1. Using the structure shown, decide if B:GLU141 is assigned to a strand (DSSP E or B), over 15 Å from the mean Cα position of the chain (by Cα) and away from chain A (no Cβ under 14 Å).
2. Looking at the structure I just gave you, is B:GLN136 touching a residue at least 60 places away in the same chain (Cβ under 8 Å), over 16 Å from the mean Cα position of the chain (by Cα) and over 23 Å from B:PHE193 (Cβ atoms)?
3. So which pairs qualify, if the first residue must be in region B:9-25 and under 23 Å from B:ASP38 (Cα atoms), the second must be open to solvent by 80 Å² or more (accessible area, probe 1.4 Å) and of a type outside the set (Val, Ile, Thr), the Cβ gap must be under 7 Å, and the two must be at least 6 apart or on different chains?
4. Which of the residues spanning region B:108-121 are out of contact with any helix residue (DSSP H, G or I) (no Cβ under 9 Å at 6 or more places or on another chain), open to solvent by 10 Å² or more (accessible area, probe 1.4 Å) and within 12 Å of B:ILE191 (Cβ to Cβ)?
5. Got a sec? Which of A:PRO41, A:PRO22 is on the phi < 0 side of the Ramachandran plot, under 15 Å from the mean Cα position of the chain (by Cα) and open to solvent by less than 30 Å² (accessible area, probe 1.4 Å)?
6. In region B:85-104, is there at least one residue being acidic (Asp, Glu) and open to solvent by 50 Å² or more (accessible area, probe 1.4 Å)?
7. How about region B:205-235: which of its residues are in a loop (DSSP other than H, G, I, E, B), at the interface with another protein chain (Cβ under 8 Å from one of its Cβ atoms) and out of contact with any Pro (no Cβ under 7 Å at 6 or more places or on another chain)?
8. Given the criteria assigned to a helix (DSSP H, G or I), without any contact (Cβ under 8 Å) to a residue 40 or more places away in the chain, within 25 Å of B:SER226 (Cβ to Cβ) and away from every other protein chain (no Cβ under 14 Å), does A:VAL63 qualify?
Amino acid sequence: MNSLKQIRFVWKPVVFALCLLPALKAVGDTFGWTGDLGANPVEALQDHFGNWALRFLMIALAVTPLRQLSGRNWLSRFRRPLGLFAFFYALMHFLVWLILDQSLLWQAIKEDIVERPFITLGFVAVLILLAMALTSTAGMRRRLGRRWQQLHYGVYLAAILGVWHYWWQVKKDISEPLIYALILSALLGYRLFRRWHRTHRHG
Amino acid sequence: TKLTGIVQSKFSTSEAANSFEDISTYNNFYEFGTGKADPHENAQDFQARPWTLEVAGHAEHTGRYQLEDFIKPYTLEERIYRMRCVEAWSMVIPWVGIPLAAIIKKTAPTSNAKFVRFETLNDPQQMPGQRSRVLQWPYREGLTMAEAMHPLTLMAVGLYGQVLPNQNGAPLRLVVPWKYGFKGIKSIVKIEFVEKMPETTWNMSAPHEYGFYANVNPNVAHPRWSQARERRIGSGLFASKQETLMFNGYAEQVASLYEGLDLKRNF
């Protein structure tokens, strides 16, 4: 089996299964098979999906630096699926909020999105990830041409908004959002440094 | 430990109480960590007995008391109260305690006593949350004299007929059912009668988000979330939130305390 086939038929399914584990854990906890959701199950599910959305965003954003630093170009094949999992968990987080927390009461939902800045941030981040997920196919990439790349730079903004949304949501203890902020700073800082380095070398 | 001689109170709600498990595993008690499950986990070895309570300030009978002696003269009451957290969730809790008014009468505050201020134990050895500076320790709270004397205001020493679990604020905590839960200061070591409005911990930490009064009010949103509705703990995954009531449903008893006060500004 050549390495392309190996990636496609072995490593991709393995990664895919691993990426589904947090979702399976949520289902298991909901039914009490793998644990439980505690006294406030809606909050527990929302936090679970929100955390995994941020983790997958960080993991997806780490693919390019890892590829460049290690020279293992096959890593780029995992960028799209990891990004789609980030979107999947963000969508679950959003749907738990919409359906279980807000009970689809549209007036209250609209008010929250418009009047509560931390919810506005999270909502915009989900919209950006949605646009990216819908245009993630090879066909859409061809059709959109240069605009595709511009749209998909949106991941940086979505990640910043996601971490900011978490930071703003916690009542006082910012230690966890701070960890995400530091990781994201490193991931974005790497890109800025590389860009600066390139322009100066050629400039 | 089971508490004895408890009498029922006419102030109890008939709403179904939350389970002991929910009440004792889902807590905000930052002295034991900022996660909801942290207090249950980290408060198990906390030494709530023996306990010394200091009564200070403008009152005739100030001094330091052994808690057991201090509460012995009073009749314990079971009071099933709604509890509304500022984070938009709520519970129904069967407290056991003593009306604060009864304690205050015996303490005989002077006319200079306009507010009561409370302080939590400051002991980072026992309270691991106090090793981080997430709030300014010791935790402090306060009430106006009228609020403190209100018949609904309770000093709780028990839960479900038993001695108060550590994670719920043993051995002595304040319960003010028409205010957000953070007013219910836990593990109290000091009660002081003062002339000026005292500093309160969450207000010191974020004055635009947490006021001195902290009355439950569905019409005044927290800057970051609506207070119009609340999630009743224990209602399950698919229950919708319920509407939050003015003064947490105790308006009939307490609204008169705030006549003429702009509740939007004095939140």
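The values are calculated or read from the model by the stated rules, or taken from the named source; none is laboratory data. From a predicted model like this one, the values you see are computed outputs, not experimental measurements. For neighbour counting, all protein chains shown are included, and Cβ atoms are generated from backbone atoms with ideal geometry for every residue, glycine included. Just so you know, the surface numbers come from the protein's heavy atoms only, side chains and all, with ligands and any DNA or RNA stripped out. Shrake-Rupley method; radii C 1.70, N 1.55, O 1.52, S 1.80 Å.
1. Details: assigned to a strand (DSSP E or B): yes; over 15 Å from the mean Cα position of the chain (by Cα): no; away from chain A (no Cβ under 14 Å): yes.
Here the answer is no, as B:GLU141 does not meet what is asked.
2. On the way: touching a residue at least 60 places away in the same chain (Cβ under 8 Å): yes; over 16 Å from the mean Cα position of the chain (by Cα): yes; over 23 Å from B:PHE193 (Cβ atoms): no.
For B:GLN136, the condition - touching a residue at least 60 places away in the same chain (Cβ under 8 Å), over 16 Å from the mean Cα position of the chain (by Cα) and over 23 Å from B:PHE193 (Cβ atoms) - is not met.
3. Partner pairs satisfying both residue conditions: B:PHE20/B:TYR160.
4. If we filter region B:108-121 for residues that are out of contact with any helix residue (DSSP H, G or I) (no Cβ under 9 Å at 6 or more places or on another chain), which is where we start, we get B:108, B:110-112, B:117-119.
Next cut, open to solvent by 10 Å² or more (accessible area, probe 1.4 Å) only: B:108, B:110-112, B:117, B:119.
The answer is B:ARG117, B:GLU119.
5. On the way: A:PRO41 fails: under 15 Å from the mean Cα position of the chain (by Cα).
The conditions single out A:PRO22.
6. Within region B:85-104, the subset acidic (Asp, Glu) is B:87.
Retained after the next criterion (residues that are open to solvent by 50 Å² or more (accessible area, probe 1.4 Å)): none.
Scanning region B:85-104 turns up no residue that is acidic (Asp, Glu) and open to solvent by 50 Å² or more (accessible area, probe 1.4 Å).
7. Step one: of region B:205-235, the residues in a loop (DSSP other than H, G, I, E, B) are B:206-214, B:216-221, B:223-224, B:226-228, B:233-235.
Cutting the leftovers down to at the interface with another protein chain (Cβ under 8 Å from one of its Cβ atoms) gives us B:206, B:221, B:224, B:226, B:228, B:233-234.
Those that are in a loop (DSSP other than H, G, I, E, B), at the interface with another protein chain (Cβ under 8 Å from one of its Cβ atoms) and out of contact with any Pro (no Cβ under 7 Å at 6 or more places or on another chain): B:ALA206, B:ALA221, B:ARG224, B:SER226, B:ILE233, B:GLY234.
8. Numbers: assigned to a helix (DSSP H, G or I): yes; without any contact (Cβ under 8 Å) to a residue 40 or more places away in the chain: yes; within 25 Å of B:SER226 (Cβ to Cβ): no; away from every other protein chain (no Cβ under 14 Å): yes.
Taking the combined requirement at face value, the residue does not satisfy it.
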